[in-house]
1. Is it possible to state the helix-based mean residue ellipticity at 222 nm for the protein assembly as shown, with each DSSP H run of 4+ residues giving -39500 (n - 2.57), the sum divided by total residues, to the nearest 500 deg cm²/dmol? What is it?
2. Nothing charged except the Cβ atoms of Lys and Arg (+1) and of Asp and Glu (-1): what's the magnitude of the dipole of segment B:2-140 about its Cα centre? Round to the nearest 20 debye.
3. Between residue B:85 and residue B:35, what is the FRET efficiency for a Förster distance of 22 Å, r being their Cβ-Cβ separation, to the nearest 0.05?
4. So which lysines pass the test for residue A:130, namely a Cα distance under 24 Å, with those fewer than 8 places away in the same chain ruled out?
5. What does the copy distance list look like for residue B:73, label position 7 Å along Cα→Cβ, in nm and ordered from shortest?
6. Would you tell me the mean number of C-beta atoms belonging to other protein chains that fall within 10 Å of each C-beta in B:83-95, as a whole number?
7. Run a plain Debye calculation on the protein assembly as shown (Cα atoms as equal point scatterers, no solvent) and give log10 I(q)/I(0) at q = 0.07, 0.09 Å⁻¹, rounded to two decimals, same order as the q list.
8. Taking the Cα centre of the protein assembly as shown as origin and charging only Cβ (+1 Lys, Arg; -1 Asp, Glu), how large is the dipole, in debye to the nearest 20?
2 protein chains.
Amino acid sequence: MLGRLYEREDCSAARALEIAGERWSLLILRDAFFRGTTRFSDFQRSLGVAPNILAKRLEDFMDAGIMETHPSGSAGEHREYHLTEKGLDFKPVVLALSAWGDRWSAPDGPPVAFEHAACGGRVVQRLHCKKCGATPKLSQITARATKPRQPVSR
Amino acid sequence: MLGRLYEREDCSAARALEIAGERWSLLILRDAFFRGTTRFSDFQRSLGVAPNILAKRLEDFMDAGIMETHPSGSAGEHREYHLTEKGLDFKPVVLALSAWGDRWSAPDGPPVAFEHAACGGRVVQRLHCKKCGATPKLSQITARATKPRQPVSR
């Protein structure tokens, strides 16, 4: 049922969530983003994830265009999993999720600090209004549908 | 198995995903954020979600401190579901998910524009280095563990 009704919901956020809306998927992406992990065995060792689950998640990422494989090793005997541009572009979602978790769900303090490679400073996300240049408060952000909502076909 | 191994992964992003890592949850939050929806019947009408699923999701949000209920109506006969500060603070996650979906998964163009209530300008998220003030590129963001990683107890 979700499928059909969900079709009516033309929601970019929900579509993005389909990519990483599962904890292993997010942890795999995190390792790829921030640890530079590319090999099946390294993902497995780092995460302790069952091989069949890991294989399925990596396959899903390839199907979604988030990752691509390259052969490696002297005889091309290994496969490496590399993030595509579409995959790299998911990083801000991980930063936003982390910021929320750090604030509301990390009683022992943030486990990870995101830093600017060039200067070592802490990197945060800020809201920015492209018209007036302000940093709007969350309550000042409104959403405007850019096209008419589709009626439900029953 | 996920539970125990996952414990080892002290990951704020993953913890945040537990809150909204399901499509209906995200759509319910979106309606609360941007349509100001507060009533069970309004969520149901807007989303076409089955009542038992909606009831469970709202209950989960209350358990997680994302929403709280207020009585409403002249005799307090209705319940309204209101976002808490913890819930409102999840908005940037929806913005980040939407930005990714708009870029990579919206062939007909972004379905929704996020705007600054004060001036009508488009609101975007930007990376910001708190030390040097730069807007770092995604590839320039590194993650540093702030505490030693726990060994897996087997």
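1. The helix-only estimate for the protein assembly as shown comes to -12500 deg cm²/dmol at 222 nm.
2. Once rounded to the nearest 20, the dipole reads 560 debye.
3. Efficiency computed from Cβ-Cβ geometry: 0.70.
4. A:86, A:91, A:147, B:91, B:130, B:131, B:137
5. 6.7
6. 5
7. -0.29, -0.48
8. 700 debye
Only the coordinates and a few stated rules stand behind these numbers; no lab work does. All values derive from a computational prediction rather than experimental measurement. All Cβ positions, glycine included, derive from the backbone under ideal geometry; neighbour counts span all protein chains shown.
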